[in-house]
Amino acid sequence: MLSKIEDEFELLERHVKILRLVLKNEPIGIIKLSELSNIPQHKVRYSLRMLEQNDIIKPTPQGARKTKKAHKFMEDLPKKLKIIKEKIKTTEQLVKKIGY
């Protein structure tokens, strides 16, 4: 179960890395993203797909471009991560209470 959480954080980290590169270099294609990020092309493609499904980037013939939601996503990310951090603290307190 915990490995799923770790996997999700790694995915989020990768998606954000790809998004930052899109924001900085748009329009940008998969090969260039792979080179700049040192992430294999198939993983870049998956991250782009997830960002596209969430309307954060859009594909164009020239490469990936940000949407209006991209900057909002990046602005909201620290707040969302802070909420997750607080939930982790609550979970840690629960674990201490039950004696693990």
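The values are calculated or read from the model by the stated rules, or taken from the named source; none is laboratory data. Computed from a prediction, not measured in an experiment: that's the story for all the values here. For neighbour counting, all protein chains shown are included, and Cβ atoms are generated from backbone atoms with ideal geometry for every residue, glycine included. What goes into the accessible areas is simple: the full protein's heavy atoms, side chains included, and nothing from ligands, DNA or RNA. Shrake-Rupley method; radii C 1.70, N 1.55, O 1.52, S 1.80 Å.
Cα centroids of segment 62-85 and segment 22-60: 14 Å apart. Just list whichever of K58/K85; K66/K89; K17/K80; K43/K85; K24/K89; K66/K87 have alpha carbons separated by over 28 Å in the model shown. In this structure, K58/K85; K66/K89; K24/K89; K66/K87 exceed 28 Å between Cα atoms. I want to verify a result. In a Gaussian network model of the chain, Cα cutoff 10 Å, which of these has the top mean-square fluctuation: P40, P61, P27? Per the Cα network of the chain with a 10 Å cutoff, P61 tops the list.
Before rounding to the nearest 500, sum -39500 (n - 2.57) across all DSSP H runs of length at least 4 in the chain and divide by the residue total; then give [θ] at 222 nm in deg cm²/dmol. Provide the component values of the computation, followed by the final result.
Working: 4 runs with 75 residues, N = 100.
Calculated mean residue ellipticity at 222 nm is -25500 deg cm²/dmol.
In a simple Cβ point-charge model (Lys, Arg +1; Asp, Glu -1; nothing else charged), the chain has a dipole of about 280 debye relative to its Cα centre. The angle separating the long axis of helix 69-98 from the principal Cα axis of greatest extent in the chain is about 20 degrees.
Going by average Cβ neighbours within 10 Å, how do the peptides 66-75, 6-15, 43-52, 89-98 rank, with the highest at the top? Kindly include the intermediate steps, with their values, before the conclusion.
Numbers: 66-75: 14.3, 6-15: 12.7, 43-52: 18.8, 89-98: 9.2.
Highest mean packing first, the order is 43-52, 66-75, 6-15, 89-98.
Expressed as a whole percent, the accessible surface of the chain that belongs to carbon and sulfur atoms is 56, based on a 1.4 Å probe.
Taking all protein chains into account, the per residue accessible area for the chain stands at 77 Å² (1.4 Å probe). Using a Debye calculation, one point per C-alpha and no hydration shell, please list log10 I(q)/I(0) for the chain at q = 0.13 Å⁻¹ in order. Ignoring solvent entirely, the Cα scatterers give -0.53. Stretched out straight at 0.36 nm per residue, the stretch from S37 to L81 would grow longer than its current Cα-Cα span by 13.6 nm.
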